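Student: Got a structure for you, written out below as C-alpha cells; questions coming shortly.
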Amino acid sequence: MSPPTPGIGKTVTAGMHKFVDALNWLLAASWVGAIIPFFSIGVGYAWSSWKTEIAASFLVPASPASPDFSLHSTVFWLLCLLLLSLGVGNAWAKKRDADRASAEVKRLLASLQERSQELTTAVGQLHSLPPLGVLEDFRRAYDVCDSISAKSARLDTSVPSARADLEVFLRRFLSVVGRVIQTFDGHQLAGRKVRYGLNIMLYVTQAEIQSRPALQQALAGRLRYADSGLTLDNAAGVLDMLPAASIADGVEAPDNELEHFAIPVALAPAHADRASKERPTLPGAVNACVNIIHVAYASIADYRRALEDLKAPDTVKAEMLDYFDQPNIRSSVQSFVCVPLFASDTGLVGVLNIHLDVPNPRIKDRMELLVPLVAPMRQQLARLLLKYKSLYLS
C-alpha cells in the first residue's frame, strides 16, 4: 500500500478550514439571531399544546412505523434540538469572530507600538542633534583654542608672572569652551538666560604630594569627601579645585561662587572602555578621574540616585549632598558634566566640570555627540594644564 500523498492532507485541511469559515459565516449572520426567538415561540407553543402527549412519550424510543410513535412529541424535540443548535452555533460563530477581531486588534496595536517606538527613537535622535550652526561654532572654537595653546606654549615659566599668565590662558580657554557648550545645548539660540560655570580640578598623585610637605599641608586643610579610612597617605592622589581656573557667565574671571576644596581619589586613573570595566567610586569628578570617562548628571536628583546606588559610608553621601544643598551652590549648580582632561602625551591631568543653574534633561542622550566634539579642546586643555601643573608643584 503506497503512503498517502502529502498534498492530500493539505487539501483536506484547507477544505476543512473553508467549511468551518462558511459555517461560521452562516451561523453568525444576523438572520440567525432573528429567527431564534420564533423557534423559542414554537417550542413554547408545542409544549403548551401537546405537553400531555410529550410527557407520555418522554424517553420512549419509537420509529415512525411503531404504534408508540408520537408525531407531536417528535416535532417538539426537533424544535428544541434546532433551537439549541442555532443558539450554540450563533454564540460560537460570534465568539470566533470576536476572537479573530481581537487578534487583529492586538496585531495592529503591536504594529502601532513598534511604529511608535521607531518614531520615538527617530525623535530622540533628532533631539540629540545640535542646533544649526553649532558645528561651525566648534570649528571656530578649535582655532581660538589652538591659538591660546600656541601662546601658552611660548610662555616663559621662569618669570614671576608665569603662573598668573597661565591662569589667564586657562580662563580664556574655558570661556571659549563655555560658549560652544551653551550653543550646543541650544540655550543661547533660544534666548534663555542660563548661568554656565566651568572649573578645573587638578589631579595630583600621592608621590607628588608626599615629596612636597607644604603642598601636603595645604591639601590636608581643604580635604573633603574622604571615604572611610582614606587619607593623603593611602590615596592614589587628589583632585584639587583650582578657583583661579574657573569662570561663570562667560566672564573671564574666577567664579566667586566656587569653593576651594580637594577630594581624595582612592584608585589610580585607568581607562574604562566599557561599563563592565568601570570601577566603583564617587560619582561626578572622581568617577571621571578614576575611570577616565565623561559623566553627566541631568539634575541633582539624578546625581543623588547615583550616589545612593554607591556602596559608600552614609557620612560621605550626606556630606556631598549637603554641598549641593548650600544656597550658593543650589542656585548655580542644577546639572553638570565632568570631562577627564588627558591627551596622548599627558596622561590624566585633571577634570573639567561644566555646570548649569537649570536641569539639563537631554544631556545624557547627547553625550555621544558631545564627547567627540570636545575631544580636540580637551586635549589642548590637558597640555595647557600640564604646563600649569609644573608651576603648581614648584
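Student: Looking for something in contact with a Lys or Arg (Cβ under 7 Å, 6 or more places away or on another chain) and in the same structural domain as S211 (by the TED database) - is there at least one such residue anywhere in segment 365-382?
Tutor: No, there is no match, as no residue in segment 365-382 is in contact with a Lys or Arg (Cβ under 7 Å, 6 or more places away or on another chain) and in the same structural domain as S211 (by the TED database).
Student: Next question, about the same structure. Identify all residues within segment 50-74 that are open to solvent by 60 Å² or more (accessible area, probe 1.4 Å) and small (G, A, S); write none if there are none.
Tutor: Result: A55, A56, S63, A65.
Student: Quick check on my filter: what residues within segment 35-66 are in contact (Cβ under 8 Å) with a residue 12 or more places away in the chain and either in a loop (DSSP other than H, G, I, E, B) or outside the structural domain of L84 (by the TED database) (or both)?
Tutor: Once the filter is applied, which keeps residues that are in contact (Cβ under 8 Å) with a residue 12 or more places away in the chain and either in a loop (DSSP other than H, G, I, E, B) or outside the structural domain of L84 (by the TED database) (or both), segment 35-66 yields S57, F58.
Student: Under 7 Å between Cβ atoms, at least 6 apart or on separate chains: pull out the pairs that start in segment 20-31 with a residue that is in contact (Cβ under 8 Å) with a residue 40 or more places away in the chain and farther than 10 Å from N90 by Cβ and end on any residue that is in a helix (DSSP H, G or I) and open to solvent by less than 50 Å² (accessible area, probe 1.4 Å).
Tutor: From residues that are in contact (Cβ under 8 Å) with a residue 40 or more places away in the chain and farther than 10 Å from N90 by Cβ, the pairs are N24/A93.
Student: Determine which member of the set V159, V204 is assigned to a strand (DSSP E or B) and either closer than 27 Å to V290 by Cα or of a type outside the set (S, T, N, Q) (or both).
Tutor: Just one listed residue meets the conditions, V204.
Student: I'd like the residue in segment 67-106 that is among the polar types (S, T, N, Q) and assigned to a helix (DSSP H, G or I) and, out of all such residues, is farthest from V32 (Cα to Cα).
Tutor: S73
Student: Further question on the same structure: Determine whether segment 131-146 contains at least one residue that is among the aliphatic types (A, V, I, L, M), part of a helix (DSSP H, G or I), open to solvent by less than 50 Å² (accessible area, probe 1.4 Å) and more than 22 Å from P372 (Cβ to Cβ).
Tutor: Checked against the condition, which is being among the aliphatic types (A, V, I, L, M), part of a helix (DSSP H, G or I), open to solvent by less than 50 Å² (accessible area, probe 1.4 Å) and more than 22 Å from P372 (Cβ to Cβ), segment 131-146 yields no hits at all.
Student: Can you pull out every residue in segment 67-108 that is in contact with a helix residue (DSSP H, G or I) (Cβ under 6 Å, 6 or more places away or on another chain) and in contact (Cβ under 8 Å) with a residue 60 or more places away in the chain?
Tutor: G89, N90, A93, R96
Student: Looking at segment 29-48 only, could you name the residues that are open to solvent by 60 Å² or more (accessible area, probe 1.4 Å) and out of contact with any Phe, Trp or Tyr (no Cβ under 9 Å at 6 or more places or on another chain)?
Tutor: Within segment 29-48, S30, W31, P37, F38, I41, Y45, S48 qualify.
Student: Sticking with this one: Does any residue of segment 6-23 turn out to be at pLDDT below 80, surrounded by fewer than 10 Cβ atoms within 10 Å (Cβ to Cβ) and assigned to a loop (DSSP other than H, G, I, E, B)?
Tutor: No: zero hits.
Student: From (1) acidic (D, E); (2) surrounded by 14 or more Cβ atoms within 10 Å (Cβ to Cβ); (3) at pLDDT 85 or above, pick out the condition that doesn't hold for D345.
Tutor: Here D345 meets the rest and fails (2).
Student: Name the residue, out of P359, P327, P313, that is out of contact with any Lys or Arg (no Cβ under 8 Å at 6 or more places or on another chain), open to solvent by 20 Å² or more (accessible area, probe 1.4 Å), modelled with pLDDT of 90 or more and not aromatic (F, W, Y).
Tutor: Residue meeting the stated conditions: P359.
Student: Run down A235, A270, A288, A248 and say which single residue is among the aliphatic types (A, V, I, L, M) and open to solvent by 30 Å² or more (accessible area, probe 1.4 Å).
Tutor: A270
Student: Using the structure shown, decide if I181 is buried (at least 20 other Cβ atoms within 10 Å of the Cβ) and in contact with a Leu (Cβ under 6 Å, 6 or more places away or on another chain).
Tutor: The answer is no for I181.
Student: So, of the residues in segment 217-231 that are surrounded by fewer than 17 Cβ atoms within 10 Å (Cβ to Cβ) and part of a helix (DSSP H, G or I), which turns out to be farthest from the chain's Cα centre (by Cα)?
Tutor: Q217
Student: Out of the residues in segment 161-178 meeting the condition of being within 13 Å of V251 (Cα to Cα) and of a type in the set (A, V, I, L, M), tell me which one is most open to solvent (accessible area, probe 1.4 Å).
Tutor: Ranking the qualifying residues of segment 161-178, first place goes to V168.
Student: Something else about it: For segment 232-261, enumerate the residues that are aliphatic (A, V, I, L, M), assigned to a loop (DSSP other than H, G, I, E, B) and over 18 Å from L356 (Cβ atoms).
Tutor: Result: L232, A235, A236, A253.
Student: Where in segment 271-362 are the strands (runs of 3 or more DSSP E), entirely inside, with at least 1 residues that are within 20 Å of the chain's Cα centre (by Cα) and in contact (Cβ under 8 Å) with a residue 40 or more places away in the chain?
Tutor: Counting at least 1 such residues, we get 295-297, 335-343.
The values are calculated or read from the model by the stated rules, or taken from the named source; none is laboratory data. Note that the structure is a prediction, hence the values are computed from the model and not measured. In this analysis, Cβ positions are derived from the backbone assuming ideal geometry, glycine residues included, and neighbour counts consider all displayed protein chains. Ligands, DNA and RNA are stripped out before the accessible areas are found, and what is left, the full protein with its side chains, is counted by its heavy atoms. Shrake-Rupley method; radii C 1.70, N 1.55, O 1.52, S 1.80 Å.
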